[in-house]
Structure formats: structure tokens, C-alpha cells
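Undergrad: Below is one structure. I have some questions about it.
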Amino acid sequence: MGESLTRKIIKSHFESGSMTPGEDVFVKVDQTLTHDINAVMTYLAFEQIGLKRARTEISVSNLDHNLLYIDFKTPDDHIYLRTAAEKYGVYVSRPGNGICHMIHTCRFAAPGKLLMGGDSHTPSSGAVGCLSIGVGGMDVATAMTGLPMRLTMPKVVKVNLTGHLRPGVNAKEVVLEMLRRVTIKGGLGKVFEYVGPGVETLEVPERLTIANMGAEMGATTSIFPADNVVKKFMEAQDRGDEFVEMGPDADAGYDEVMELDLSSLEPLIALPHQPDNVVPISSLKEHPVVHQVFMGSCTNGSYSDFAKAALVMQGHHVDENVQCTAGIASKQIYKQLMKDGYLDMLIDAGVRIMELSCGPCCAIGQVPPTNGIAVRTSNRNFRGRAGSPNANIYLVSPESAAATAIKGTFASAWDVMGEDVKKLAEVHEPDHYFVDDSMLIKPLPEEEAEKVEVVKGPNIASLPVPEKPEKKLECRISLKGRDNISTDDITPAGAEFSSMRSNIPLMSKYCYHRYDPEFSERARNLGKSIIIGGENYGQGSSREHAAINPMYLGVKCVIAKSIARIHKGNLINHGIVPMLFENNEDYDKLELLDELEIDNFPEQIKSRKVTVRDKTKGLSFNCKLEISDAEMETILDGGQLRHLKQQLVDRGIIKE
């Protein structure tokens, strides 16, 4: 039996471990990426490690998320990140160049490479046959040392695509349909590998959309073959020499198989407050007034996305009740849209063109009004994701977003264009893109880099380092949360809060700020505590602040029904023990401020079974630790930084 593309790439990067699904495999990482909101912690960690230079083929620091300078904090962060990158041999994508995932896919990712990025939507680069995995910032720092990275060997799901998308139906519909079928938890421990004749009909940016939102299924990543479509795309980027044809063997075996007929899809919409709450737009019986429409983001910010949206809007104007904004994914795309006249169409229709940044997707600008309805082409619609605790966020394609902006309520391109919708089938990606890398700062030679002074503004505080688990843990429950607590719930998004992320003592004051405003003070007063969570605790973005802030406030464990993949890794990296209820009914018995006790905690961690006593209720319950041997070592060492430095000492890479 032949092999899938996923297994081929993992095998070519294999260092040790097992390629049996569910077991640890250690792989060599070729490339890393970071973005400005999370990256300060990454480079502070790398600085503490003591290496002079990143030991990857390519590492890129993107300044793309928070370009709204509301005070000195964010510009100080950007200066720090630029000087740290110069010091450690890292590329810098400057503000205004574009969004990290589009930049990386266009200018750095290549077939057969293994990329780890400090953002959950790193899988976008799977569009070009690059195995691209989202991780926490500490994991990026680890990958930059050149040490093999631990990966839970995934199952590989074959998604056989047939047919072709009809005009007015976007690649967004493909991934929304996948979410409808798989759900936000159904991809855990899996890679979705797209194959079949339908793949050949999808251009690289369409594949990027699908791979990008695979993160919403909880997947390790998603990947497409590096075929003639990818070759054409890389040649159009003047990178044809980096193309290597790669795909699964004809007789490849898979752990699961799915079938999806592209021709059967119609315009879809994800209803609040989860991206898997998907229905056809045509099925909606209520059509309320929409207040905001946002087109763009890393998910749907491509040339074709905006060209099609512009054609939907041509000859129309944005409804008077709607604020419509566009977040184009890169300078390269912006220039092409301007040259071809599509930017004029959007502006003439009343669309406001924003900075080339992530912006509204992570609540940096364009927060909806009180109880507002916002329709977006981005990837998440969790409660509070847009910066408003009571807004309703709907996810659609760019064509449907454009139609909605015109109609003032939910609509598809079919509703606006009628038979003219066929025009959309004529839109394709350019045969050649504007290639201008002047906004990329290349790594300095090592001898010059050693002379660089890393500049830290007054808001940049040292990275807190946790202690090893204590022998007997006695503490109270500082928070009892519902199902699907997101990293946005734990560490709020938005320009104000994002500017604080370099300063954990300051940021920790706003931990769970919108979900439970009293949490920070409560946890601080308790000194040490345990958080209780429901299903899918920590879903959403890769922001490790959702682990660092609770750790700083004294949280020692999270006990939940289930924990999202990246957040679980972040908890381990920052010294918080992730435990699962052996019997989920025990969740209902616990209450806020119950006093809990765990004896011989380190020894129980080693057994992967922990007995917890609730002294307040006079009962005991059991927890399990679904962790590997390597994760256990990290926990017992007191987090990844201590563990990593010891590994580097043992290998003779750094001195004690």
C-alpha cells in the first residue's frame, strides 16, 4: 500500500518516535513564523535559551496583526521584534506588507517543507503542499533551536473532491460544509488531505481558504498536493525553481475517507456563535438588518476573492445601514486589484479600504455596535471574538458578503446578480504577480547580527517561568467554566488588550475579563488555584497568553471534559497541568471556591491518573492525563523553557 502526502513529509523529516497515530513522533522543522501579537513571548524565550542564531532554514517575524497604535506599547513591540529578528537571523515582514499566512504561502512556503507557526491558521500554507502546523509561541522558540519537535502522529483523512464550484459559490463553502459535517472538535488528531479531480479545479488561494479554516475543526492541519496548479502559482511568484511535484501515491492508504462533490454546494452561512453552525443562506427565514460587513482577512483576502466581490457590487452601492470594510491580504494583491480596476469598483460601491493587516478579525478596529449583526469572511464567530460581548457574528464567502452589504441583509451573489453571476467564473488568479520584497528585511550576516542591540520598551516585561509541580497541592477552584471556552474568553482580543501582551503583570489583570471580570483578582488573592472547564476548553487561536496569564496568577491545573490541541500544548509548556475528568458527571458536583487537594502530585502525574479530593464537598473524583512521555517530562520539569534548556545542555549546544 502506498503513502499519503502527509506521511511522506513526516517520514522525510523523521528524527525519532513512532509513526503510529496517537503516538509521539519527533520531526525536523524547516520553517517557522510568528506574528506581532504573540511573538514577543517567543523571542523573549529564545533570548533566555542563550543561542546566538535561529537554526532553521527560514524563520519569519510578521508585523501584521496590531497596526493600530493607540499608545506607545505596540510601536515599542514592533521595534523590539525587528531588532530581535536582526539579532537572531530572522526575516521581518514589515507593517504594510500583508497578513502572515498569505505572505508565507506566497513568498516562503514550498512543497514538502515542514512549517510550524505561532498562529492557529498556519495550516494555510498547506495550499502549496507544505505541511504547516499551528503551535504556541514557546513551541516556535523550541523549533528555532533546531531540536526535533514533538508531534502527535495524526490520523490522515482523505477528502476526495469531485465536480467544480458553481459561479457564486466560493471555496469558503467547501470548508463550511466540512465544518458542518465534522464539527469544531471532529478534526482533533487528524490531518485532512484533499485529493481527487475536484482539487485540480481549485486555485492556490482557494486551497488556502480551505486549509486555513481546517483549524476550526480542531485539525492538526490540512494539505493539498503540489501539482501543476501549485507550479503555476509558484512560477507566477517568480519561485518556480522551488517547486517540487508532490502528492500521495495512487494506492495510498488512509485512516478515514470522505467524499465531497463541489458541484453540489450552494452559498452557506455559519450562524452565531460557532463556525460549525452552518446552514444554506437560502434556508434563512429571518432577514434582520446587518450593521457591518467585513471582507478579507487571511481566510478570504485573495485577489480572486476581492475581484469577485467587486463584480457582485459593480453598479450597486452599500446599503445605508451597513458599514462595509475590506481587509486585503497583502500589498501584492492590493496593487493587482488597483491595476485591474477592482479597487475602484469597491470604492465606488462605498467600501472602506483598510490597512493591510488582520484588524477586525481579532477585534482591532471595526467592533460591532451593541447587539450588532456583523457578517464577515474571516474564520471565527465566537461570542466576543469581534470585541463586543453581545454582537452576533456570521461567516460567509466574499461573494455573499458583497451581496449582503448591498441588500442590507443576508444574501448571496445569486440574489444580486441573477444570470450575470456567470461572470464570476471568468475571474482567475494573475498569470504573474507584482513581486516586490522591499518590505521584507532579510537576516543579517552572523558577524553583523552579533552587534545588534535588542531594544526593549518599558512595557516589555520578562517572561515568567513556572515552578515544578509541588508534592502536595492544596488550593481552591478559581473558575468554573462552560463548554467551548475560547482563548478570546481567557485573553481578550482588541487593540487595547493586544498592546498589553508584552507585559504579563499588566495583561494578567484582564484575564477572563469579559467572561468573569472578577477572576483575576480572585485568583491573585487565592495565590494558587485550579480552573474547571467543560468540553473543548481553550478552543480558538494559538495565543499562549491564555496559558501564561493564568499561570502567572497561580493556576496550577486545568481540569476539563476536553481540551483543545494547541491550548493543551500551551498549558504544558507553561507549567499548568491539563487533566480530564474520568467521569464527566463529576464536573456537575464542583463549585467555585471548593477546596481541592491532591497528594503525591508528581507521582500521580507519572501514572497519568490523579485522584482529587474535594474537601468542601467531602468527595473524591479521578482525573486522567492524556499526555505523552515527552509531555510528562516537560510538566515535571516545570514547563518547556526549563526542559528545553536542559536538552540543549545535554546535547552540548549551550553551556549550563
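The values are calculated or read from the model by the stated rules, or taken from the named source; none is laboratory data. Since we're looking at a predicted model, the values are computed, not measured. Using ideal geometry, Cβ is built from the backbone for each residue, glycine included, and neighbour counts are taken over all protein chains shown.
Undergrad: State yes or no: is residue 479 farther than 24 Å from residue 536 by Cα, of a type in the set (A, V, I, L, M) and more than 19 Å from the chain's Cα centre (by Cα)?
TA: The answer is no for residue 479.
Undergrad: Among the residues that make up the stretch 597-620, is at least one of them under 21 Å from residue 528 (Cβ atoms), in contact with a Leu (Cβ under 8 Å, 6 or more places away or on another chain), small (Gly, Ala, Ser) and not assigned by TED's automatic domain parsing to the domain that holds residue 153?
TA: Scanning the stretch 597-620 turns up no residue that is under 21 Å from residue 528 (Cβ atoms), in contact with a Leu (Cβ under 8 Å, 6 or more places away or on another chain), small (Gly, Ala, Ser) and not assigned by TED's automatic domain parsing to the domain that holds residue 153.
Undergrad: Being closer than 17 Å to residue 377 by Cβ and in contact with a strand residue (DSSP E or B) (Cβ under 7 Å, 6 or more places away or on another chain) is the filter here, so list the residues in the stretch 186-236 that pass it.
TA: Within the stretch 186-236, 210, 211, 214, 215 meet the criteria.
Undergrad: Something else: Return yes when residue 60 is surrounded by fewer than 24 Cβ atoms within 10 Å (Cβ to Cβ), β-branched (Val, Ile, Thr) and assigned to a strand (DSSP E or B) and no when it is not.
TA: Values: surrounded by fewer than 24 Cβ atoms within 10 Å (Cβ to Cβ): no; β-branched (Val, Ile, Thr): yes; assigned to a strand (DSSP E or B): yes.
Against the criterion (surrounded by fewer than 24 Cβ atoms within 10 Å (Cβ to Cβ), β-branched (Val, Ile, Thr) and assigned to a strand (DSSP E or B)), residue 60 does not qualify.
Undergrad: Please list, ordered by residue number, the helices (runs of 4 or more DSSP H) wholly in the stretch 167-260 having 2 or more residues that are among the β-branched types (Val, Ile, Thr) and surrounded by 22 or more Cβ atoms within 10 Å (Cβ to Cβ).
TA: On the way: elements: 171-182, 204-213, 228-236.
Filter on the stretch 167-260 gives 171-182, 204-213.
Undergrad: Could you check the stretch 299-376 for helices (runs of 4 or more DSSP H) lying wholly inside it with 1 or more residues that are within 17 Å of residue 400 (Cα to Cα) and touching a Pro at 6+ places or on another chain (Cβ under 7 Å)? Working first, answer last.
TA: Values: elements: 303-313, 331-339, 342-348.
Correct list: 303-313.
Undergrad: Now for a separate question. Which ones in the stretch 1-29 are charged (D, E, K, R) and either in a strand (DSSP E or B) or within 30 Å of residue 461 (Cα to Cα) (or both)? Show your work before the answer.
TA: Within the stretch 1-29, the subset charged (D, E, K, R) is 3, 7-8, 11, 15, 23-24, 28.
Of everything in the stretch 1-29, those that are charged (D, E, K, R) and either in a strand (DSSP E or B) or within 30 Å of residue 461 (Cα to Cα) (or both) turn out to be 15, 24.
Undergrad: Within the stretch 12-19, can one find any residue that is surrounded by 24 or more Cβ atoms within 10 Å (Cβ to Cβ) and modelled with pLDDT of 95 or more?
TA: So the first thing to find is which residues in the stretch 12-19 are surrounded by 24 or more Cβ atoms within 10 Å (Cβ to Cβ), and the list is none.
No; the residues of the stretch 12-19 include none that is surrounded by 24 or more Cβ atoms within 10 Å (Cβ to Cβ) and modelled with pLDDT of 95 or more.
Undergrad: Write out, first by first residue and then by second, each pair whose Cβ atoms fall under 8 Å of each other, whose residues are 6+ apart or on separate chains, and whose first residue, in the stretch 191-210, is free of Cβ contacts under 8 Å to residues at least 12 places away in the same chain and within 15 Å of residue 128 (Cβ to Cβ) while the second is surrounded by fewer than 20 Cβ atoms within 10 Å (Cβ to Cβ) and of a type in the set (S, T, N, Q).
TA: Once the first residue is free of Cβ contacts under 8 Å to residues at least 12 places away in the same chain and within 15 Å of residue 128 (Cβ to Cβ) and sits in the stretch 191-210, no partner that is surrounded by fewer than 20 Cβ atoms within 10 Å (Cβ to Cβ) and of a type in the set (S, T, N, Q) comes close enough.
Undergrad: I've got another one for you. Test each condition in (1) assigned by TED's automatic domain parsing to the domain that holds residue 546; (2) surrounded by fewer than 23 Cβ atoms within 10 Å (Cβ to Cβ); (3) touching an Asp or Glu at 6+ places or on another chain (Cβ under 9 Å) for residue 458 and report the one that comes out false.
TA: All conditions are met except number (1).
Undergrad: Considering only strands (runs of 3 or more DSSP E) fully contained in the stretch 582-656, which possess at least 1 residues that are surrounded by fewer than 19 Cβ atoms within 10 Å (Cβ to Cβ) and of a type in the set (Lys, Arg)? Outline the logic, then answer.
TA: Details: elements: 595-598, 609-614, 619-624.
Counting at least 1 such residues, we get 609-614, 619-624.
Undergrad: Go through 211, 252, 171, 236 for me and flag whichever is out of contact with any Asp or Glu (no Cβ under 8 Å at 6 or more places or on another chain) and either at pLDDT 95 or above or basic (Lys, Arg) (or both).
TA: 211
Undergrad: For the list (1) of a type in the set (D, E, K, R); (2) part of a helix (DSSP H, G or I); (3) buried (at least 22 other Cβ atoms within 10 Å of the Cβ), I need the number of the one condition that residue 543 fails.
TA: The single condition residue 543 does not satisfy is (2).
Undergrad: Check every one of the helices (runs of 4 or more DSSP H) wholly within the stretch 380-449 and list those with 3 or more residues that are of a type outside the set (A, V, I, L, M). First the steps, then the outcome.
TA: Values: elements: 398-407, 413-417, 446-449.
Passing ranges, in order: 398-407, 446-449.
Results for (1) within 13 Å of the chain's Cα centre (by Cα); (2) buried (at least 24 other Cβ atoms within 10 Å of the Cβ); (3) not hydroxyl-bearing (Ser, Thr, Tyr), shown as yes or no for each residue.
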residue: 97; (1), (2), (3): no, yes, yes
residue: 101; (1), (2), (3): yes, yes, yes
residue: 109; (1), (2), (3): no, yes, yes
residue: 119; (1), (2), (3): yes, yes, yes
residue: 124; (1), (2), (3): yes, yes, no
residue: 129; (1), (2), (3): no, yes, yes
residue: 137; (1), (2), (3): yes, yes, yes
residue: 143; (1), (2), (3): no, yes, yes
